[in-house]
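Written below as structure tokens is the structure these notes are about.
Where a number appears in this text, it was derived from the coordinates with a stated rule and is not lab data. These numbers come from a predicted model, not from an experiment. Neighbour counts are summed over all protein chains in view; Cβ atoms, including those assigned to glycine, are modelled from backbone coordinates with ideal geometry.
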Ligand SMILES: Cc1cc2nc3c(=O)[nH]c(=O)nc-3n(C[C@H](O)[C@H](O)[C@H](O)COP(=O)(O)OP(=O)(O)OC[C@H]3O[C@@H](n4cnc5c(N)ncnc54)[C@H](O)[C@@H]3O)c2cc1C
């Protein structure tokens, strides 16, 4: 059945941070844009800590005032520690080689709802509880998707459907990484009364490392802290613990996290989400642009997801505006977009891979290094990577790579003990 709805300039699948940003930028440029979202807002989502580059993007998008109504905690730095260390190493963002804007940890329900309201206010049409079931046509200037309400037609499709990767599944281009370090599962919940750092460090997310994976503790509002454990995908089966009890099991075995949670209150079971890294190349093709998690998913250790999604969304929207206003060809707009997404994600893939090496952890936790290499790594972690990291960061990152390699054979920083949750064989 072909519905009588008009033809939209852009149809966006998904109203998360990527979809809302794409819709907002298209609408502001005068395009007729429709955002289709299968759930209704506000809805829970994990991924609560934003990069400094995301803080400045929120300002660039004119969302500074709207942000004031979102439950959040100001994030001025980050703390990393090994599982047996009670005091971690703190990295204030203003130590970075390039200045890092203030940013936030957010309750995603409120943050995502704010973004979609702003997209509506700027002229995007949003249909909640409307799932895209299939793609019927995918060509430049002619796309059609099937929904519960019938077929909807448009000129471009912006896929921001998150891990559902609607277009990539249709084209069969979603490739997960075979390497086991990219195949993880995350166990998480929100707790109250989790101990925080004092003063301006209150909002620092804590990342705790162990051999089996890593923990996060992210203050998301005045009372609640998001706690999560990201583990190798086979761990729960190996130790015989049910998936919804893994968080409790892991916290008990990790002194650094257990200490912060001495007086914490919260559920005894946890939520679970698969955390497998993948990429869907090419990120743009005839009739489509892939945005955020619908393009690629990276291990969330460095909290990059929302920032990458919103930056890519703005870029994809600009590409569609450029094409439809006759300012660029399909081919050049696609090429620029692919380069933009590749440039940002490649840097983080490499850092994530290194992060799982003990040598990287030793060097990074040392907190300082020659020629300001640590300050450069911190700037990368703040999100200074688009369209590619500046030269001052690139050469220092190379040098840091070399130090990580060299430190495996000859210690250049004080060695740190490995920490395993399974030190006693994993008995409960
Ligand atoms: C364990 C874990 C921890 C994370 N921690 C962080 C963090 O600290 N910081 C950070 O920045 N990122 C983090 N992330 C990543 C972050 O959650 C995502 O990168 C981010 O939500 C991507 O935004 P998006 O708009 O691309 O997709 P999403 O936020 O997933 O939004 C996609 C939307 O599409 C809708 N949708 C799906 N299918 C359809 C369909 N067929 N039709 C219509 N609508 C559809 C969904 O309902 C959803 O609302 C984490 C991820 C995980 C798994």
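Can you work out the PRE-style zone for residue 273? Point 7 Å along Cα to Cβ, and I want the residues of the range 97-132 with backbone N under 18 Å. In the range 97-132, the label zone of residue 273 (backbone N under 18 Å from the point 7 Å along Cα→Cβ) covers 104-116.
By count of other Cβ within 10 Å, fewest leading, how are 283, 356 ordered? Can you show the working numbers first?
Numbers: 283 26, 356 18.
Final ranking by Cβ density, sparse to dense: 356, 283.
What is the angle, in °, between the Cα long axis of helix 391-407 and the longest principal axis of the Cα atoms in the chain? Nearest 10 is fine, range 0 to 90. Long axis of 391-407 versus the principal axis of the chain: about 40 degrees.
Between 225, 200, 130, the residue with the greatest mean-square fluctuation in the GNM of the chain (Cα pairs under 10 Å linked by springs) is 200.
With the convex hull of its Cα atoms as the shape, the chain has an orientation-averaged projected area of 20.4 nm². Three principal axis extents of the range 240-325 based on alpha-carbon atoms, in descending order, are 58, 27, 19 Å. The relative contact order of the chain comes to 21 percent, based on Cα pairs under 8 Å that sit 6 or more residues apart.
Pair-distance distribution P(r) for the range 59-207, from all Cα-Cα distances in 5 Å bins starting at 0: 2, 6, 10, 13, 13, 14, 15, 12, 8, 5, 2, 0 percent.
Can you give the Rg to Rh ratio of the range 63-125, both from alpha-carbon atoms, with Rh computed by the Kirkwood formula? Before the final figure, lay out the partial values.
On the way: Rg = 16.3 Å, Rh = 14.2 Å.
Result for the range 63-125 is an Rg/Rh of 1.15.
For the chain, the antiparallel share of DSSP beta bridges with both residues in that region comes to about 75%.
The convex hull defined by the C-alpha atoms of the range 167-263 has an orientation-averaged projected area of 8.4 nm². Largest GNM mean-square fluctuation across 364, 289, 391, computed for the chain with C-alpha springs under 10 Å, falls on 391.
Neighbour counts of other Cβ atoms within 10 Å put 309, 56 in the fewest-to-most order 56, 309.
Comparing 332, 226, 74 in a Gaussian network model of the chain, where Cα atoms under 10 Å apart are tied by springs, the biggest mean-square fluctuation is seen for 332.
Between 0 and 90 degrees, the angle of helix 305-324 with respect to the longest Cα principal axis of the chain falls at about 20 degrees.
Could you work out the equivalent-ellipsoid semi-axes for the range 281-361, taking the square root of 5 times each eigenvalue of the Cα gyration tensor, largest first, in whole Å? Each step should come with its number before you reach the end.
Working: eigenvalues 171, 24, 17 Å².
That gives 29, 11, 9 Å for the three semi-axes.
Each of 303, 379 was scored by other Cβ atoms within 10 Å of its Cβ. Arranged with the fewest first, they read 303, 379. For the range 24-134, the average shadow cast by the Cα convex hull is 9.8 nm², which is a quarter of the hull's surface.
Normalising the Debye intensity of the range 359-428 to I(0), with uniform scatterers on Cα atoms only, and taking log10 at q = 0.13, 0.14, 0.17 Å⁻¹ returns -0.47, -0.52, -0.67. Compute the angle between helix 108-121 and the longest alpha-carbon principal axis of the chain, please, reported from 0 to 90 degrees and rounded to the nearest 10. Orientation of helix 108-121: about 20 degrees from the principal axis. Taking label positions 7 Å along the Cα-Cβ direction at both residue 140 and residue 336, the computed distance is 1.5 nm, reported to one decimal.
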